[in-house]
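What follows is a single structure, written as structure tokens, with notes after it.
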Amino acid sequence: MNTFDDPSLRLPQADELLRDHGHQALDLNQSYPMELPPDDEETTARIPLELTTDLEANADTALEALAQAPNLYTRGGVLVHLVRDHLPDKDGIQRPTSTPRITQVPSARLMELVSTHAEVMARSGRKQELGPAVPPMRLIRVIEGRGEWPELRPLVAVVEAPTQRPDGSILEQPGYDRWSGIYLAPNLGHVPVLPWPERKHAEIAALDLLEVVEDFPFTTEAHAAAWVAGLLTVLAMHAFDGPAPMLLIDANCPGAGKSLLADLISLIAFGRPCPRTVMPERDDEMRKRITSIALAGDPLVLLDNIDHGLGGAALDAALTARTWRERLLNTNDTIELPLHTIWMATGNNVEVIGDTMRRILHVRLESPEERPEERGDFRHPDLTRWVLEQRPRLVAAGLNILSAYTIAGRPDLGLKRWGSFEAWSDLVRNAVVWAGLPDPAETRHELRAAADVEGAALRQLLLNWDTLDPGGRGLTASGILQRLRSGDPALDEVRAAIDVLAPGRGGDLPSPRSLGRKLGKFRARLIAGRVLQATSGRMGLTWTATTTQEGS
């Protein structure tokens, strides 16, 4: 019997709770605008503000009044508020309609808020009589220029489903949570989270989540576990202090379901498809894209359909940072913003570049079908609609895994350390394994073997080095290129490796400078029992491949 068909193995009363709350299917082609829930604070009287030449005192009073504004916060040295609208694709990121986002408060809106929450008065005329006034722009500039506003509340993020707090508790109360700085603007009904889940509940919950993706052609069970880890990462993204690896979903062919698999995580966590963008080829453009994402506070972003190498300095920095520092466009102002974004990427046989490899949690699909998009043998034919109908139960399943593991004391499972992502690994990765699934990090080894193109090319070069330099005297970059131009067919393997490591223009060999710079990147790196070494001489650096004792 299929485990998923046994009602006794489902979370207690989950189906009854769904029926009681009358969940309906949503149409992804429609927008569902909704007001952000008001804070539970009582409205207070307007604060008197008499305008004088003492701008500091005026600003202090204005900020006392602004502290009463229910939708005004601070974030990364910027005054922000929450909006729910459709942001045009001017920053290169496609966001679904009505996605709540964090945005900087315009000066005009700040002036309006001062007028709303302060009784602004000024003296005018010969008699200097006191009367109503509009807050002057100079006062607004003083407020904006302070850079720190202890009177106002800090905003970390906005979420639309219950989430795990840093102390392991579950944030379920709508509105602003003063303890975590998170704003919960729920867009789903009651989530049946268990108050004291145990390991058996976590194991059942893991099976519930696997039902969502049971029809996808995962290469191994560990790849399915990596998808579960991706979902739990979003539900627990504010519960661990540190970055999370990027979830790369790639496949052997188009139509295998990569983008859908990514959207399922967003549908469960947020009730809508994932905000997505293409990855710019230029690193400076990627930095601008990341800055836009940090400014908007996007919790989840998909780099969709990668058609060139995945990686680069900007992306690498974003994947291992919790703050993002960048100069604002068309200004000399530098801002430092929280970067609480979970990254995903999709593509076919994606080539991962350089150091990005160690920042990847890999999900691999391998379809045996020639046209997988024409399949029809699915357990849930309209999967997105089914997921939205089951969303409260699925969110609860993820939170029950995390909560049960936390309540159990977060036992150490002895998993191999994952550098830069220790906090994520200690919570999310351990919780997945504790719930009975394979270690999702197992997929990294397969990815490294399949996608480390440079590593494979370097291995090929070193294994054929004796053919390139039979006397073992060493070669300069110019000498290597001279040997390759000889046309010796015995050097075809070396030529193929150089074409990958340092491709020239139009299929030609690279310049000596370009080749030398590339070889310098791999200096002293151990591959296949050999190490690339360089010594200085009259002709520049001379390169040799030394066999280590381990490889001898």
Selection count, segment 464-487, where residues are farther than 15 Å from LEU541 by Cβ and open to solvent by less than 60 Å² (accessible area, probe 1.4 Å): 8
Residues of segment 204-258 satisfying the condition of being outside any helix (DSSP H, G or I) and under 30 Å from ASP167 (Cβ atoms): ALA236, MET237, HIS238, ALA239, PHE240, ASP241, GLY242, PRO243, ALA244, PRO245, MET246, LEU247
Out of LEU264, LEU319, sole residue that is touching a residue at least 60 places away in the same chain (Cβ under 8 Å) and either over 14 Å from the mean Cα position of the chain (by Cα) or under 19 Å from THR103 (Cβ atoms) (or both): LEU264
Per-region count, segment 508-527, residues surrounded by 15 or more Cβ atoms within 10 Å (Cβ to Cβ) and more than 21 Å from ARG485 (Cα to Cα): 2
Check on LEU295, closer than 16 Å to THR341 by Cα and out of contact with any Cys (no Cβ under 8 Å at 6 or more places or on another chain): yes
Enumeration of residues in segment 78-124 that are open to solvent by less than 40 Å² (accessible area, probe 1.4 Å), modelled with pLDDT under 90 and not in a strand (DSSP E or B): LEU87, ASP91, GLY92, ILE93, ARG95, PRO96, SER98, THR99
Scope segment 321-356; condition at pLDDT 80 or above, open to solvent by 50 Å² or more (accessible area, probe 1.4 Å), under 18 Å from GLY76 (Cβ atoms) and of a type in the set (S, T, N, Q); matching residues: THR323
Checking PRO195 against (1) open to solvent by 30 Å² or more (accessible area, probe 1.4 Å); (2) touching a residue at least 40 places away in the same chain (Cβ under 8 Å), the condition it does not meet: (2)
Complete set of residues in segment 392-421 that are out of contact with any strand residue (DSSP E or B) (no Cβ under 9 Å at 6 or more places or on another chain), in a helix (DSSP H, G or I) and open to solvent by 10 Å² or more (accessible area, probe 1.4 Å): ILE407
Near pairs, Cβ below 7 angstrom, 6+ apart or cross-chain, from segment 338-363 (over 20 Å from GLU442 (Cβ atoms)) to any residue that is among the polar types (S, T, N, Q) and assigned to a strand (DSSP E or B): PRO338/THR323; LEU339/THR323; THR346/ASN305; GLY347/ASN305
Considering residues of segment 125-159 that are of a type in the set (D, E, K, R) and at pLDDT 90 or above only, the residue nearest to the chain's Cα centre (by Cα): ARG153
Residues located in segment 61-71, provided they are open to solvent by less than 70 Å² (accessible area, probe 1.4 Å) and not in a loop (DSSP other than H, G, I, E, B): THR61, ALA62, LEU63, ALA65, LEU66
Total residues in segment 360-391, condition open to solvent by 30 Å² or more (accessible area, probe 1.4 Å), in a helix (DSSP H, G or I) and either under 17 Å from PHE218 (Cα atoms) or modelled with pLDDT of 90 or more (or both): 5
Candidate set: segment 33-60, residues that are β-branched (Val, Ile, Thr) and at pLDDT 85 or above; chosen: the one surrounded by the most Cβ atoms within 10 Å (Cβ to Cβ): ILE47
Subset of segment 145-193 (residues that are touching a helix residue (DSSP H, G or I) at 6+ places or on another chain (Cβ under 6 Å) and small (Gly, Ala, Ser)): ALA161, GLY168, GLY189
Residues being within 18 Å of GLY455 (Cα to Cα) and in contact with a strand residue (DSSP E or B) (Cβ under 7 Å, 6 or more places away or on another chain) - total across segment 521-542: 9
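The values are calculated or read from the model by the stated rules, or taken from the named source; none is laboratory data. The model shown is predicted, which means the values in this text are computed figures rather than measured ones. When we count neighbours, we look across all protein chains shown, and the Cβ atoms used for this are built from the backbone with ideal geometry, even at glycine. The accessibility values were calculated without ligands, DNA or RNA, using every heavy atom of the protein model including side chains. Shrake-Rupley method; radii C 1.70, N 1.55, O 1.52, S 1.80 Å.
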